[in-house]
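Right, one structure below, let's go through it.
The values are calculated or read from the model by the stated rules, or taken from the named source; none is laboratory data. Because the structure is a prediction, the values reported are computed rather than measured. Cβ placement follows ideal geometry from the backbone for every residue including glycine, while neighbour counts extend to all protein chains displayed. Areas reflect the complete protein model, heavy atoms only, side chains present, ligands, DNA and RNA absent. Shrake-Rupley method; radii C 1.70, N 1.55, O 1.52, S 1.80 Å.
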Amino acid sequence: DTAVSQTPKYLVTQMGNDKSIKCEQNLGHDTMYWYKQDSKKFLKIMFSYNNKELIINETVPNRFSPKSPDKAHLNLHINSLELGDSAVYFCASSQDKGYSQETQYFGPGTRLLVL
Amino acid sequence: DAKTTQPTSMDCAEGRAANLPCNHSTISGNEYVYWYRQIHSQGPQYIIHGLKNNETNEMASLIITEDRKSSTLILPHATLRDTAVYYCIVRAPRSNFGNEKLTFGTGTRLTIIP
């Protein structure tokens, strides 16, 4: 069974469209993240949610709206897509317990290409 | 979180030990050293982490110098499947839940040569 899964794996769309990427984890973790990896391969945090509550929002444009219906899911909705949104988006999860050191488990990524 | 410095790329012969260095001279006392890797077209994968003692697991060993200003990740018998970008990340534990973000640098591109 895949621990962290994302759909779709590939997404090609036109500028100005609205699209969603879904993420699910079956690890029973409390925290989920979205990371973005650009064309230069820099991997950067976008959001984190803990028990459906937004914790980290790294100055991401408000066209990006994460939604967590339950702690096993963290979906990413993107409005008015721009060329610069083309990237690979990775979902991750971890079992955070405050001061303990928990590792993060990453999904396979969603490759978004905006034309 | 403290900044890390890694070589841009390294080669290692298949079957030999791969030693990947990382400098973190500004590390503070409560910061851990983490290693992740990213195999081409896949999501990052956790390898190992440590605070000050050397650590070993089924994937690798982590050697942290006594002053904690640098560390080395050792893959004891490298295989072709170990070709990847390896990231050394330093971070402190967080006081609030969900704030455990990873700050990735540029990493070391390790190529295992047959």
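Observations
- Largest accessible area first, the listed residues A:MET46, A:MET15 line up as A:MET15, A:MET46 when surface is computed with a 1.4 Å probe on the assembled protein chains.
- Net charge contributed by nearby residues that have their C-beta within less than 12 Å of B:MET10 (K/R +1, D/E -1): 0
- With K and R counted +1 and D and E -1, the other residues having a Cβ less than 10 Å from that of A:LYS71 yield a net charge of -2.
- Sites A:ALA72 and A:THR103 - FRET efficiency at Förster radius 30 Å, r taken between beta-carbons, to 0.05: 0.95
- Take every Cα pair under 8 Å whose residues are at least 6 apart in sequence, average their separation, divide by the length of chain B, and the relative contact order is 36 percent.
- Peptide B:36-45 - average C-beta neighbours from other chains (10 Å radius): 5
- Restraint check, A:LYS22/B:LYS52; A:LYS19/B:LYS3; A:LYS22/B:LYS3; A:LYS44/B:LYS52; A:LYS44/A:LYS71; A:LYS41/B:LYS101, Cα-Cα greater than 29 Å: A:LYS22/B:LYS52; A:LYS19/B:LYS3; A:LYS22/B:LYS3
- Computed over the alpha carbons of the stretch A:11-115, Rg followed by Dmax gives 13.5, 43 Å.
- Hydrodynamic radius by Kirkwood, which averages 1/r over all alpha carbon pairs of the protein assembly as shown, in angstrom: 18.3 Å
- Spatial separation of Cα centroids for the stretch B:29-69 and the stretch A:4-56, in angstrom: 24 Å
- Solvent-accessible ranking of B:GLU14, A:GLU53, B:GLU31, largest area first, probe 1.4 Å: A:GLU53, B:GLU14, B:GLU31
- Net charge of neighbours whose Cβ lies under 13 Å from the Cβ of A:THR110, counting Lys and Arg as +1 and Asp and Glu as -1: +3
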